[in-house]
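Peer 1: Below is a structure I'd like to ask you about.
The values are calculated or read from the model by the stated rules, or taken from the named source; none is laboratory data. Bear in mind the structure is a predicted one, so any value in this text is a computation, not a measurement. Positions of Cβ are backbone-derived with ideal geometry, glycine not excepted, and every protein chain shown enters the neighbour counts.
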């Protein structure tokens, strides 16, 4: 959608990619997919065993022996750790900055707002928003302070955030999580415009990926705290495997999309219904017309979902937050 030409706008062969949260789930699938496309990949996460296992697996799917893989153990909720990661990644990459930085790190802890401890709300912002904001800050300071000629390939560098379709549509039970993912979308939109300040702005592209449900170990942990009403409203969400999300994400990036949804028509509809001043694909005609249609549909959908929530509350009373 959007009328792009067939040119690949996200070439990775021979380029160096840093992936945060790259030792499991979507991050690991992205790392493996890019390795099969010829990228040199450095993954970042906390747990060393998972990091080691993932790096070993990347070597097995590489398309040539010269590809390089590495890991850094770090807690990216610390701004000093983010700066260290970028510095170490640059040294590992023959003292050249990485060409692509993809922020996949994050976690969801669903729950009703007043039943969730305030520390959990803060942790969600740290894990999902600030971990990405810190690495983005260090990355852009590095990229924009150096001449573009330092890049080994004459292609734009890419900074990629991972948000969620929940940033487009409110859903009961995600109040600890949604603000952090909405903040990422807002940061990405702002940076997209802010980069126009710089003469080399066209050499740095900012993107955001918006997956829906991802079937992974993290999703199983989410269900432990997820309210029953949330599970009911999500019954029609088919979900995707981490590999499916990775493939859809990369395809969108290769088309040149700034905002990439991975869950087919439903994800696209949720996106265009909340575009606002965000960039449209191509000339934006298709996205704009679709947004008019979806905005009408969403009025009906929201009314129906609100009615389901009210009915649930009346029927379950004090059990409204009880897990199943």
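Peer 1: Looking only at residues that are out of contact with any helix residue (DSSP H, G or I) (no Cβ under 9 Å at 6 or more places or on another chain) and in a helix (DSSP H, G or I) in the range 42-52, which one is nearest to residue 23 (Cα to Cα)?
Peer 2: The extreme case among them is 51.
Peer 1: Within the range 21-30, can one find any residue that is out of contact with any helix residue (DSSP H, G or I) (no Cβ under 8 Å at 6 or more places or on another chain) and surrounded by fewer than 24 Cβ atoms within 10 Å (Cβ to Cβ)?
Peer 2: No: zero hits.
Peer 1: Checking the condition farther than 28 Å from residue 145 by Cβ and touching a helix residue (DSSP H, G or I) at 6+ places or on another chain (Cβ under 9 Å), which residue from 219, 207 passes?
Peer 2: 219
Peer 1: Are any of the residues in the range 240-247 part of a strand (DSSP E or B), in contact with a strand residue (DSSP E or B) (Cβ under 8 Å, 6 or more places away or on another chain), surrounded by 12 or more Cβ atoms within 10 Å (Cβ to Cβ) and modelled with pLDDT of 80 or more?
Peer 2: Narrowing the range 240-247 to residues part of a strand (DSSP E or B): 240.
Now drop any that are not in contact with a strand residue (DSSP E or B) (Cβ under 8 Å, 6 or more places away or on another chain), which leaves 240.
Those left that are additionally surrounded by 12 or more Cβ atoms within 10 Å (Cβ to Cβ): 240.
The next check asks that each one be modelled with pLDDT of 80 or more; those that pass are 240.
Checking the range 240-247: at least one residue is part of a strand (DSSP E or B), in contact with a strand residue (DSSP E or B) (Cβ under 8 Å, 6 or more places away or on another chain), surrounded by 12 or more Cβ atoms within 10 Å (Cβ to Cβ) and modelled with pLDDT of 80 or more.
Peer 1: Right, next: Would you please name the residue that is surrounded by the fewest Cβ atoms within 10 Å (Cβ to Cβ), looking only at residues in the range 138-157 that are in contact with a helix residue (DSSP H, G or I) (Cβ under 7 Å, 6 or more places away or on another chain), assigned to a helix (DSSP H, G or I) and modelled with pLDDT of 70 or more?
Peer 2: 142
Peer 1: Then there is this: Restricted to the range 217-237, and to residues that are modelled with pLDDT of 90 or more and not in a helix (DSSP H, G or I), which residue is surrounded by the most Cβ atoms within 10 Å (Cβ to Cβ)?
Peer 2: Filtering the range 217-237 for residues that are modelled with pLDDT of 90 or more and not in a helix (DSSP H, G or I), the one surrounded by the most Cβ atoms within 10 Å (Cβ to Cβ) comes out as 227.
Peer 1: Of all residues in the range 188-211, which are in a loop (DSSP other than H, G, I, E, B) and modelled with pLDDT under 90? Spell out the reasoning first.
Peer 2: Going residue by residue through the range 188-211, those that are in a loop (DSSP other than H, G, I, E, B) are 198-200, 211.
Result: 198, 199, 200.
Peer 1: Considering only residues that are part of a loop (DSSP other than H, G, I, E, B), in contact (Cβ under 8 Å) with a residue 40 or more places away in the chain and either over 30 Å from residue 13 (Cα atoms) or over 13 Å from the mean Cα position of the chain (by Cα) (or both), which ones fall in the range 158-187? Before you say what the answer is, go through the steps one by one.
Peer 2: Pass one, the range 158-187, residues part of a loop (DSSP other than H, G, I, E, B): 163-164, 168-173, 175-177.
Still in the running and in contact (Cβ under 8 Å) with a residue 40 or more places away in the chain: 163-164, 168-169, 171-173, 175-177.
Correct list: 168, 169, 171, 172, 173, 175, 176, 177.
Peer 1: Then there's this: Which count do you get for residues in the range 116-131 that are surrounded by 16 or more Cβ atoms within 10 Å (Cβ to Cβ), more than 16 Å from the chain's Cα centre (by Cα) and not in a loop (DSSP other than H, G, I, E, B)?
Peer 2: Final tally of qualifying residues: 2.
Peer 1: Would you be able to say whether some residue in the range 8-26 is in contact (Cβ under 8 Å) with a residue 12 or more places away in the chain and assigned to a helix (DSSP H, G or I)? Let's see the steps before the verdict.
Peer 2: Applying the first criterion (in contact (Cβ under 8 Å) with a residue 12 or more places away in the chain) to the range 8-26 yields 8-26.
Add one more test, that the residue is assigned to a helix (DSSP H, G or I), and what stays is 25-26.
Looking for residues that are in contact (Cβ under 8 Å) with a residue 12 or more places away in the chain and assigned to a helix (DSSP H, G or I), one finds at least one in the range 8-26, hence yes.
Peer 1: Among the residues of the range 54-82, count how many are surrounded by fewer than 17 Cβ atoms within 10 Å (Cβ to Cβ) and either part of a helix (DSSP H, G or I) or free of Cβ contacts under 8 Å to residues at least 12 places away in the same chain (or both).
Peer 2: Going through the range 54-82 one residue at a time, the tally reaches 9.
Peer 1: What about residue 35, is it crowded, with 18+ Cβ neighbours inside 10 Å, farther than 20 Å from residue 250 by Cα and in contact with a strand residue (DSSP E or B) (Cβ under 8 Å, 6 or more places away or on another chain)?
Peer 2: Taking the combined requirement at face value, the residue does not satisfy it.
Peer 1: Tally the residues that are within 27 Å of residue 202 (Cα to Cα), more than 14 Å from the chain's Cα centre (by Cα) and modelled with pLDDT of 70 or more, restricting the search to the range 252-286.
Peer 2: Summing the residues that are within 27 Å of residue 202 (Cα to Cα), more than 14 Å from the chain's Cα centre (by Cα) and modelled with pLDDT of 70 or more in the range 252-286 gives 5.
Peer 1: Just one of the numbered conditions (1) out of contact with any strand residue (DSSP E or B) (no Cβ under 6 Å at 6 or more places or on another chain); (2) within 30 Å of residue 311 (Cα to Cα) is not true of residue 225; which one?
Peer 2: (1)
Peer 1: Go through the range 1-20 residue by residue and tally those that are more than 20 Å from residue 91 (Cα to Cα) and crowded, with 23+ Cβ neighbours inside 10 Å.
Peer 2: 1
Peer 1: State whether one or more residues within the range 89-103 are assigned to a helix (DSSP H, G or I), touching a helix residue (DSSP H, G or I) at 6+ places or on another chain (Cβ under 8 Å) and either surrounded by fewer than 24 Cβ atoms within 10 Å (Cβ to Cβ) or touching a residue at least 24 places away in the same chain (Cβ under 8 Å) (or both).
Peer 2: Yes: one or more hits.
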